[in-house]
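What follows is a set of notes on a single structure, which appears directly below.
The values are calculated or read from the model by the stated rules, or taken from the named source; none is laboratory data. Bear in mind the structure is a predicted one, so any value in this text is a computation, not a measurement. Methodologically, a virtual Cβ is constructed for each residue, glycine included, from the backbone with ideal geometry; neighbour enumeration extends over all protein chains shown. Calculation scope for accessible area: heavy atoms of the full protein, side chains included, ligands and nucleic acids excluded. Shrake-Rupley method; radii C 1.70, N 1.55, O 1.52, S 1.80 Å.
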Amino acid sequence: MEKSNFQKAVEGTPDISTAYRSGLQSLKRSDRSSVAVSDPWILDGSVDIDTAMQEKYPNENRWDYAIGYSRKVCYVEVHPAYTSEVSTIEKKLKWLKTWLKEKAPLLDAIPKAIPAFVWAQTGKGAILPQSSQAKRLATLGIKVTRVHKLQ
């Protein structure tokens, strides 16, 4: 079977070259309920960015996952949903965008899904849709949801 552009991009990115997994296999068991897919055939694979780069960037606010589907890529952060965590998510997004530009140009070149950046909220807290935090995140291009549906 021919490799997807997503898989080629991951394998061509030194920081994560061995982290590609088919389907959603890279998602930690505890995070799997945060992503739903209507048709598994659309999946191009996934990468646990956070774990793959824990040693190289131990003190950075690393983003969690890249998921390739339908020849696009989206980036999902599974994180507790407290308003106090909004600044952490902003730091993670800034880190991700810089890393993509400087260290992962092949991955960065893949068309981004809409939405491209997703905060899959966990825990009892919630970022309410009309809150100032939700509006701030929206201006950064981050979709806040409990379960991100890949379609």
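Residues that are of a type in the set (V, I, T) and in a strand (DSSP E or B) within segment 51-80 comprise I67, V73, V76, V78, listed in sequence order. Of all residues in segment 92-116, those satisfying the criterion of being within 22 Å of V147 (Cα to Cα) and either in a helix (DSSP H, G or I) or open to solvent by less than 20 Å² (accessible area, probe 1.4 Å) (or both) are K92, L93, L96, A113, A116. Would you confirm whether or not segment 53-68 contains a residue that is touching a His at 6+ places or on another chain (Cβ under 9 Å), buried (at least 16 other Cβ atoms within 10 Å of the Cβ) and among the charged types (D, E, K, R)? There is at least one residue in segment 53-68 that is touching a His at 6+ places or on another chain (Cβ under 9 Å), buried (at least 16 other Cβ atoms within 10 Å of the Cβ) and among the charged types (D, E, K, R).
Counting the residues of segment 72-89 that are among the charged types (D, E, K, R) and either closer than 25 Å to K124 by Cβ or more than 15 Å from the chain's Cα centre (by Cα) (or both) gives 2. When the test is whether a residue is out of contact with any Leu (no Cβ under 8 Å at 6 or more places or on another chain), under 15 Å from I16 (Cβ atoms) and either at pLDDT 95 or above or open to solvent by less than 30 Å² (accessible area, probe 1.4 Å) (or both), A120 does not pass it. There is no residue in segment 7-20 that is closer than 21 Å to I142 by Cβ, open to solvent by 10 Å² or more (accessible area, probe 1.4 Å) and either modelled with pLDDT of 95 or more or out of contact with any His (no Cβ under 6 Å at 6 or more places or on another chain) (or both). Quick one: K3 ticks every box in (1) buried (at least 20 other Cβ atoms within 10 Å of the Cβ); (2) without any contact (Cβ under 8 Å) to a residue 60 or more places away in the chain; (3) not in a strand (DSSP E or B) bar one, so which box is it? Only one criterion is unmet by K3, namely (1). Taken over segment 141-151, the residue count meeting the criterion of being over 14 Å from E85 (Cβ atoms) and either open to solvent by less than 70 Å² (accessible area, probe 1.4 Å) or small (G, A, S) (or both) is 5. Inside segment 42-87, residues that are farther than 20 Å from P115 by Cα and among the aromatic types (F, W, Y) make up a count of 2.
Here segment 63-91 is the region considered, the condition is being in contact with a Ser or Thr (Cβ under 9 Å, 6 or more places away or on another chain) and farther than 19 Å from V147 by Cβ, and the residue that is modelled with the lowest pLDDT is T83. If you go through segment 25-37 and keep only what is in a loop (DSSP other than H, G, I, E, B) and surrounded by fewer than 20 Cβ atoms within 10 Å (Cβ to Cβ), you end up with Q25, K28. Yes or no: W41 surrounded by 13 or more Cβ atoms within 10 Å (Cβ to Cβ) and aromatic (F, W, Y)? For W41, the condition - surrounded by 13 or more Cβ atoms within 10 Å (Cβ to Cβ) and aromatic (F, W, Y) - is not met. Taking the conditions (1) farther than 18 Å from P111 by Cβ; (2) among the hydroxyl-bearing types (S, T, Y); (3) outside any loop (DSSP other than H, G, I, E, B) in turn, S46 satisfies each one other than (1).
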